[in-house]
Every structure is written in C-alpha cells, then in structure tokens.
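A.B. asks: Quick one: the structure is below, questions incoming.
The values are calculated or read from the model by the stated rules, or taken from the named source; none is laboratory data. All of these numbers come straight from a predicted model, not from anything done at the bench. Here the Cβ positions follow ideal geometry from the backbone for every residue, glycine too, while neighbour counts run over all protein chains shown.
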Amino acid sequence: MIRVNSKTKSSIFMFRSGFPVIDSVLNWATYYSVTSTACVLLEGAYLQKFYNIQYYTKFNGLDINVMLGVCALLLWYVSLHIFKMGQELLFKPEEVVIAAETGTQSEITQ
C-alpha cells in the first residue's frame, strides 16, 4: 500500500506518493523520458527543417515548425524543474509562517 502525504509542499514533483525515495525515482525517470523523447523529436525536426532530409514522411513545414516549438518548450520545462529539484535537494527550503494580524512578528523556520 502506498500512502499519500497531502502535506508535501514541493511544487516540482509530478508524483507524490509520500515516500521521498519513490517520489524521486519516479520524477527523475519521468523527466529523463520527456527529455530523451524531446531530443529525438528535435533531431528529426531539425534535420528535416534545415538539411531537407525527409525524416518525418507525413510532416510538412508547419508541422515541423510546431514540433520544433514543442520540443523547445518541453526541454525548457524539464530543465527548469530539474534545476528546482536540484536546488531543493541541495538547499533546505525555508518555510515562512506569517503570524496573525495581532501585530506580532513573522516566524521564520528553517
């Protein structure tokens, strides 16, 4: 049985099972799969667009341009989330708790 921890505050994880090891493995595998797929699609689209090699037989100009844009977006998304994941793994995130509006100071827990 896998329990789900609803108190997980990390926004970079796609999968949250409640077990950090399982979460990390699933997320790294997902990001790796998305990256490798985007790179393969990008390779074919690049060869067809700039070297006139018929890599995708049923795709024309607009399809190839859209594929280049989608691949760039996927790679940006994965890069950003892997960077955030690395930051979260290397540096302990700070949690800011704002006190009630009674004039007391904010608490900062690390």
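A.B. asks: Mind checking which residues of the stretch 30-86 are among the polar types (S, T, N, Q) and touching a Ser or Thr at 6+ places or on another chain (Cβ under 9 Å)? Before the answer, list the steps.
C.D. replies: Initially, the stretch 30-86 is screened for residues among the polar types (S, T, N, Q), giving 30, 33, 35-37, 48, 52, 54, 57, 60, 65, 79.
The answer is 35, 79.
A.B. asks: Among 74, 68, 62, which is exposed (fewer than 13 other Cβ atoms within 10 Å of the Cβ) and either within 19 Å of the chain's Cα centre (by Cα) or modelled with pLDDT of 85 or more (or both)?
C.D. replies: Details: 74 fails: exposed (fewer than 13 other Cβ atoms within 10 Å of the Cβ); 68 fails: exposed (fewer than 13 other Cβ atoms within 10 Å of the Cβ).
The conditions single out 62.
A.B. asks: Moving on to the next point. Are any residues in the stretch 26-48 free of Cβ contacts under 8 Å to residues at least 24 places away in the same chain and buried (at least 16 other Cβ atoms within 10 Å of the Cβ), and if so, which ones?
C.D. replies: 26, 44, 46, 48
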